[in-house]
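**Student:** Got a structure for you, questions after.
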Amino acid sequence: MKKIAILVLGLALSCNSSQKMVTDVESTSATTVTGETFAETITEEDLKTHLYTYASDEFEGRETGEPGQKKAVAYLKEQYEKMGIPAAKGGGDYFQKVPLEIVKLPTGSLAVNNTSYVLGDDFLTFSSHQSTYDNVVYVGYGIEEDTYSDYKGIDVQGKLILVKAGEPTNEDGTYTLSGSTEASVWSNMSEAIDKRSELAKSKGAVGMLYYDAANFSRFKRYFEYMKQNDSGQMSLEDQDDKDFFQLFLTEKMAKDLLPDISADDTPKAMAQEVQIDLQAKNDKIDSENVVAVLKGGTKPDEYVVVSSHLDHIGITADGQINNGADDDGSGTVALLEIAQAFKKAADAGQRPDRSIVFLHVTGEEKGLLGSRYYTDEEPLFPLEKTVANLNIDMIGRIDPKREGDRNYVYLIGSDKLSTDLHELSEEVNQKYTNIELDYTYNDENDPNRFYYRSDHYNFAKNNIPIIFYFNGTHDDYHRPGDTPDKINYDLLQNRTRLVFYTAWEVANREERVVVDKASK
């Protein structure tokens, strides 16, 4: 799981949409039985065998682009070839190349009205940019939601914008967007910057000067760490992202631009000439997703994507290997076993109606990069034909903070977009596995924000219903102690079977699951 967090309205549920729900399975024909025979092929022994290899020292912690990750993708390819499940791209090509780069810290200069500002002292940035702008457009909080917009009547096409953190409040101290004392996502540091940047880009802005006094010190610590270690930030090679840049301003620099910025919420154009000459040398990273597909029988052009991430965080500075047995070795081997179960079903004449895509993504630990590339840049199968995404990220351990039955799993996101999918999930579990489904982290107000921190989110933001299966963190999370001997293989088996049964139902029901809620 990524450690740091950086829809259309559908039709109402109909009779036809539930014709092949779990409650109706008893009356279906032999060709649409429950799949219990095939779920039983998912065993503790097989999961353990895979994981002791996949999370071994030989794989060197599966750091993105490093030799250990290459061994991991070779292992996955070999398993799909053995199972006889074809490559998604055809021709035996299981690898979807994901163009990545390490963005190094830039060097250079910046001046406003011929007054120079120093990178690292007056402002921070993590990307290069060279240009001159004859004015800056202040857009207040840089928010647009429902009837509220900081962009109303303001043209930012091709412009550099100045934005401050936070969100508007009413005279009584309540937040304007929520109408209550509860702040919105625009105040959440992990998501607010990206939301503002995406909105600004959609309005035609080319760059953002961002003032966040409360969190500047956090950006600064990260900047200094990168500088001292001569490291960089991994990202997708994306020309559009390169064209849009972000600068984080100190209070002094922000107030040099707009003295009353803290109190002034009124958008306006300002006559400020900004000269930027920041350059950086980036290193290319060779990495890939691994994608296999089992074609469906009666609805082969509709797809159920089951996913997990194949990468981890590699080797520590003192040479210790972070094996990542739970994160996300557990999800990876679960996906292999689910693929095997579906293939055995197909070989026995019970091919799923819809196609099943087995998606192992790279770069999750670096910012959900592999899944973002799959959804935003190169979907191997049309997103509009993708019925659901079931994402598995850490399902082999027990959360020490959790009280109650050990036979549980956290479910996140099942009800965010589709009541249909949520109810199907509940019914599947009740009929087959009887695992306690814990929705603690599904709470929109949960500070961990796990809904936004694994690969399912890149599907959800594209209005594709998702379920995220997760056991919670533990003391070995992102540490060398996350090893295969600490996995609870009985729980891993039960949880994997739950995902298989859910995928089986989604793939074989008459109607695709209905999207009846708006994405956030």
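**Student:** Consider region 418-450. How many of its residues are open to solvent by 60 Å² or more (accessible area, probe 1.4 Å), under 15 Å from THR496 (Cα atoms) and touching an Asp or Glu at 6+ places or on another chain (Cβ under 8 Å)?
**Tutor:** Final tally of qualifying residues: 1.
**Student:** I'd like the full set of residues that are surrounded by fewer than 18 Cβ atoms within 10 Å (Cβ to Cβ) and either within 17 Å of the chain's Cα centre (by Cα) or assigned to a helix (DSSP H, G or I) (or both), limited to region 380-397.
**Tutor:** Selection gives LEU383, GLU384, LYS385.
**Student:** Open to solvent by 10 Å² or more (accessible area, probe 1.4 Å) and farther than 19 Å from ARG351 by Cα: is that true of GLY481 in this structure?
**Tutor:** When the stated conditions are applied, GLY481 passes them.
**Student:** Follow-up question, since we're still on this one. Condition first: closer than 29 Å to THR107 by Cα and open to solvent by less than 50 Å² (accessible area, probe 1.4 Å). Can you find one or more residues in region 168-186 that meet it?
**Tutor:** The answer is no, given that none of the residues of region 168-186 is closer than 29 Å to THR107 by Cα and open to solvent by less than 50 Å² (accessible area, probe 1.4 Å).
**Student:** So, GLY61, is that one assigned to a helix (DSSP H, G or I), over 22 Å from ALA339 (Cβ atoms) and small (Gly, Ala, Ser) or not?
**Tutor:** yes
**Student:** Scan region 477-492 and tell me whether some residue there is under 25 Å from ALA39 (Cα atoms) and part of a strand (DSSP E or B).
**Tutor:** Looking through region 477-492, none of the residues is under 25 Å from ALA39 (Cα atoms) and part of a strand (DSSP E or B).
**Student:** Right, next: Would you mind stating whether LEU76 is under 21 Å from MET1 (Cα atoms), at pLDDT 95 or above and either open to solvent by 30 Å² or more (accessible area, probe 1.4 Å) or outside any loop (DSSP other than H, G, I, E, B) (or both)?
**Tutor:** Values: under 21 Å from MET1 (Cα atoms): yes; at pLDDT 95 or above: yes; either open to solvent by 30 Å² or more (accessible area, probe 1.4 Å) or outside any loop (DSSP other than H, G, I, E, B) (or both): yes.
It is true that LEU76 is under 21 Å from MET1 (Cα atoms), at pLDDT 95 or above and either open to solvent by 30 Å² or more (accessible area, probe 1.4 Å) or outside any loop (DSSP other than H, G, I, E, B) (or both).
**Student:** Next up: Please specify each residue of region 401-429 satisfying the condition of being at pLDDT below 95 and either within 26 Å of HIS312 (Cβ to Cβ) or assigned to a helix (DSSP H, G or I) (or both).
**Tutor:** Matches in region 401-429: LYS401, ARG402.
**Student:** Looking at (1) under 18 Å from ALA254 (Cβ atoms); (2) open to solvent by less than 40 Å² (accessible area, probe 1.4 Å); (3) in a loop (DSSP other than H, G, I, E, B), can you tell me which one ALA214 breaks?
**Tutor:** Going through (1) under 18 Å from ALA254 (Cβ atoms); (2) open to solvent by less than 40 Å² (accessible area, probe 1.4 Å); (3) in a loop (DSSP other than H, G, I, E, B) one by one, ALA214 breaks only (2).
**Student:** Tell me which residues, restricted to region 105-130, are outside any loop (DSSP other than H, G, I, E, B) and open to solvent by less than 40 Å² (accessible area, probe 1.4 Å).
**Tutor:** LEU110, ALA111, VAL112, TYR117, LEU119, PHE123, LEU124, HIS129
**Student:** Can you pull out the residues in region 310-322 that are open to solvent by 10 Å² or more (accessible area, probe 1.4 Å) and not hydroxyl-bearing (Ser, Thr, Tyr)?
**Tutor:** ILE313, ILE315, ALA317, ASP318, GLY319, GLN320, ILE321
**Student:** A follow-up question, please. Identify, please: which residue in region 222-251 is within 24 Å of the chain's Cα centre (by Cα) and part of a helix (DSSP H, G or I) and is, among those, modelled with the lowest pLDDT?
**Tutor:** So the residue we want is ASP240.
The values are calculated or read from the model by the stated rules, or taken from the named source; none is laboratory data. Predicted, not measured: the structure shown is a model, and the values here were computed from it. Glycine gets a Cβ as well: all are built from the backbone with ideal geometry, and neighbour counts include every protein chain shown. The area values use the complete protein model at the heavy-atom level, side chains included, leaving out ligands, DNA and RNA. Shrake-Rupley method; radii C 1.70, N 1.55, O 1.52, S 1.80 Å.
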